[in-house]
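Asker: Here it is, the structure, as structure tokens.
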Amino acid sequence: MTEQSKTNPLASEKISRLLVKFAVPSIVAMLVSALYNIIDQLFIGQAVGTLGNAATNIAFPFSTSCVALALLFGIGGASCFNLSMGKGNKSKAPYYIGNTALMLVVSGILLCVVTLIFLTPLLKFFGASDNVLPYAEEYVRITAIGFPFLILTTGGGHIIRADGSPGMAMVCNIVGAVINTILDAIFVMGLDMGMAGAAYATIIGQIISAVIVIVYLLRSFKTVPLRKAHYIPNRKIISKITSIGIASCFNQLTIMIVQIVLNNVLGHYGALSDYGEDIPVACVGIVMKVNQLVLAIIIGLGQGIQPIVSYNYGAAKYSRVKDSYRLSVAIGTVVSLIAFALFEIFPHEIISLFGTGTDKYFEFGERFMRIFLFFTWLLSLQPITTTFFTSIGKAFKGLFLSLTRQIIFFLPFLFIFTYIFGIDGVAYTGPAADFLSAVVAIVMVAIEFKNINRLEKNPAK
């Protein structure tokens, strides 16, 4: 055991206390990130209506791609940093932080440019109908400017937490969200600026959050000193970061792929039903975003254990690794059970928060929410287990598990069930994919725990 691991609280402090310290700010940060889109949709739903709700759902893959890039470099860089520190390699560790920050900014700029150049064909590819397209174009043309700031804030939060400052990571996100909410009320409701008002409110909040992250990295990073040399791109460092962060990135990319396919399927089968092509797209967007709040808590729990698990795995303190995982899953299950009860009992009230609609609108939305989210109570297993594998450096296992829910199960079931049941088949796809991905997560972590038990008994092996 290194001298570092003897004194670092990650190796000695009570797991529950550490989880509160790291997970609560992470959960708040993830909730705030999810609320950026939900707050916009709340105001847009009230001011613009069903087409505005549908437009934000069509635009959602752009936000998901931002989070994917943020997790690719943020989770990857934070895990590499903590693993290095756990092994006592303080000279190499800061290069992971500097290269992570650089790649967050560069990837955000590239995504912004690509989006603005190919905006209209991308929105059509994402499933925008002729009615929804103008609203989506107006919204994304503005929010794309904020992509570099959103990615830096989201990814930067992970490296700030890795530095032992989870509270500051939380502040970065909360400040932007509060500003976004206030400006949404002013621009959308007060000045009647519609989609553009919500978009401007969003990017102003994102810019201010990103400035806080930059100031922290330049002036307040405390674990190791950061110098200019650490920000110079290094192929080996970036390769290591991406190899560790790829699982978390793919988890978001699969969500984006599913969202795009889902929008197109909803439009096609919705047009063949009594609901039309826009009602299903609007309602499913609401249900998915509400579920994102629950998922944000679960992912926040997973991210909260990341520095604890990474450090202790690197320091060969395996019992703490297992205890961290068990505790986070237990808390996640309680949260998921509460969410399940709310979704089953109050679907009408939840959907009503996002504006009014026809009887058909509420009929579809309420039924879809109850069926699609039926296995929400199993939601904690797959995301937390994915992050667990990433945190111990098992990137391939994390990558495979990140693909189970969305790609391996959801997409095939989506085509099979809609072919058999039409528009109702979309609702049945959710619980089937949730159940099977949870089973796979349980099996994989059980096998990994056996491997860890062997390491405990025979450290040399």
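The values are calculated or read from the model by the stated rules, or taken from the named source; none is laboratory data. Remember, predicted model here, so these are calculated numbers, not experimental data. Cβ sites come from the backbone with ideal geometry, for glycine too, and all protein chains shown count toward neighbours. For accessibility, only protein heavy atoms count, side chains too; no ligands or nucleic acids. Shrake-Rupley method; radii C 1.70, N 1.55, O 1.52, S 1.80 Å.
Asker: Aliphatic (A, V, I, L, M) and out of contact with any Gly (no Cβ under 9 Å at 6 or more places or on another chain): is that true of ALA144 in this structure?
Answerer: So ALA144 fits the description; yes.
Asker: Same structure again: Looking at TYR139, is it open to solvent by 10 Å² or more (accessible area, probe 1.4 Å) and either more than 29 Å from VAL261 (Cβ to Cβ) or outside any helix (DSSP H, G or I) (or both)?
Answerer: Values: open to solvent by 10 Å² or more (accessible area, probe 1.4 Å): yes; either more than 29 Å from VAL261 (Cβ to Cβ) or outside any helix (DSSP H, G or I) (or both): no.
Taking the combined requirement at face value, the residue does not satisfy it.
Asker: Answer yes if at least one residue in region 155-162 is part of a helix (DSSP H, G or I) and surrounded by fewer than 21 Cβ atoms within 10 Å (Cβ to Cβ), and no otherwise.
Answerer: no
Asker: So which of GLY127, GLY146, GLY76, GLY108 ends up being surrounded by 18 or more Cβ atoms within 10 Å (Cβ to Cβ) and either basic (Lys, Arg) or within 22 Å of SER310 (Cβ to Cβ) (or both)?
Answerer: GLY76
Asker: Shifting gears a bit: So how many residues does region 46-87 have that are assigned to a helix (DSSP H, G or I) and either more than 22 Å from ALA196 (Cβ to Cβ) or under 13 Å from the mean Cα position of the chain (by Cα) (or both)?
Answerer: Total meeting the criteria: 27.
Conditions (1) at pLDDT 85 or above; (2) in contact with a Lys or Arg (Cβ under 8 Å, 6 or more places away or on another chain); (3) buried (at least 20 other Cβ atoms within 10 Å of the Cβ); (4) closer than 30 Å to THR56 by Cα, marked per residue:
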site	(1), (2), (3), (4)
ILE345	yes, no, no, yes
PHE364	yes, no, yes, yes
ILE447	yes, no, no, no
LEU455	no, yes, no, no
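Asker: Can you work out which of the residues in region 203-221 that are part of a helix (DSSP H, G or I) and of a type in the set (Gly, Ala, Ser) is surrounded by the most Cβ atoms within 10 Å (Cβ to Cβ)?
Answerer: Result: SER209.
Asker: Of these, LEU295, LEU301, which one is under 15 Å from the mean Cα position of the chain (by Cα), buried (at least 24 other Cβ atoms within 10 Å of the Cβ), touching a residue at least 24 places away in the same chain (Cβ under 8 Å) and not in a loop (DSSP other than H, G, I, E, B)?
Answerer: Within the list LEU295, LEU301, the selection yields LEU301.
Asker: Now, a different point. Taking into account only those residues within region 387-412 that are over 19 Å from GLY430 (Cα atoms) and among the β-branched types (Val, Ile, Thr), which is surrounded by the fewest Cβ atoms within 10 Å (Cβ to Cβ)?
Answerer: The qualifying residue surrounded by the fewest Cβ atoms within 10 Å (Cβ to Cβ) is ILE392.
Asker: Across region 93-130, what is the total count of residues that are in a loop (DSSP other than H, G, I, E, B), in contact with a helix residue (DSSP H, G or I) (Cβ under 7 Å, 6 or more places away or on another chain) and either at pLDDT 90 or above or not polar (S, T, N, Q) (or both)?
Answerer: Within region 93-130, the first condition is being in a loop (DSSP other than H, G, I, E, B), and the residues that meet it are 118, 126-130.
Adding the requirement that they be in contact with a helix residue (DSSP H, G or I) (Cβ under 7 Å, 6 or more places away or on another chain) leaves 126-129.
The next check asks that each one be either at pLDDT 90 or above or not polar (S, T, N, Q) (or both); those that pass are 126-128.
Here the count works out to 3.
Asker: Further, regarding this structure: So which of ILE384, ILE351, ILE371 is of a type in the set (A, V, I, L, M), open to solvent by 20 Å² or more (accessible area, probe 1.4 Å) and either part of a helix (DSSP H, G or I) or farther than 24 Å from ALA427 by Cα (or both)?
Answerer: ILE371
Asker: Any idea which of ALA427, ALA441, ALA433 is hydrophobic (A, V, I, L, M, F, W, C), over 30 Å from GLU277 (Cβ atoms) and open to solvent by less than 40 Å² (accessible area, probe 1.4 Å)? Walk me through how you get there before you give the answer.
Answerer: On the way: ALA427 fails: over 30 Å from GLU277 (Cβ atoms); ALA433 fails: over 30 Å from GLU277 (Cβ atoms).
Just one listed residue meets the conditions, ALA441.
Table: residues versus (1) open to solvent by 40 Å² or more (accessible area, probe 1.4 Å); (2) among the β-branched types (Val, Ile, Thr); (3) under 16 Å from GLY45 (Cα atoms).
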{"position": "SER165", "(1), (2), (3)": "no, no, no"}
{"position": "ASN173", "(1), (2), (3)": "no, no, no"}
{"position": "ILE182", "(1), (2), (3)": "yes, yes, no"}
{"position": "GLY190", "(1), (2), (3)": "yes, no, yes"}
{"position": "GLY194", "(1), (2), (3)": "no, no, yes"}
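Asker: Does ALA210 satisfy the condition of being at pLDDT below 90 and in contact with a helix residue (DSSP H, G or I) (Cβ under 7 Å, 6 or more places away or on another chain)?
Answerer: Taking the combined requirement at face value, the residue does not satisfy it.
Asker: Give just the number: which of (1) open to solvent by 10 Å² or more (accessible area, probe 1.4 Å); (2) modelled with pLDDT of 75 or more; (3) over 23 Å from GLY300 (Cα atoms); (4) among the polar types (S, T, N, Q) does GLN46 not satisfy?
Answerer: (2)
Asker: Looking only at residues in region 345-386 that are within 20 Å of ALA296 (Cβ to Cβ) and not hydrophobic (A, V, I, L, M, F, W, C), which one is farthest from the chain's Cα centre (by Cα)?
Answerer: PRO347
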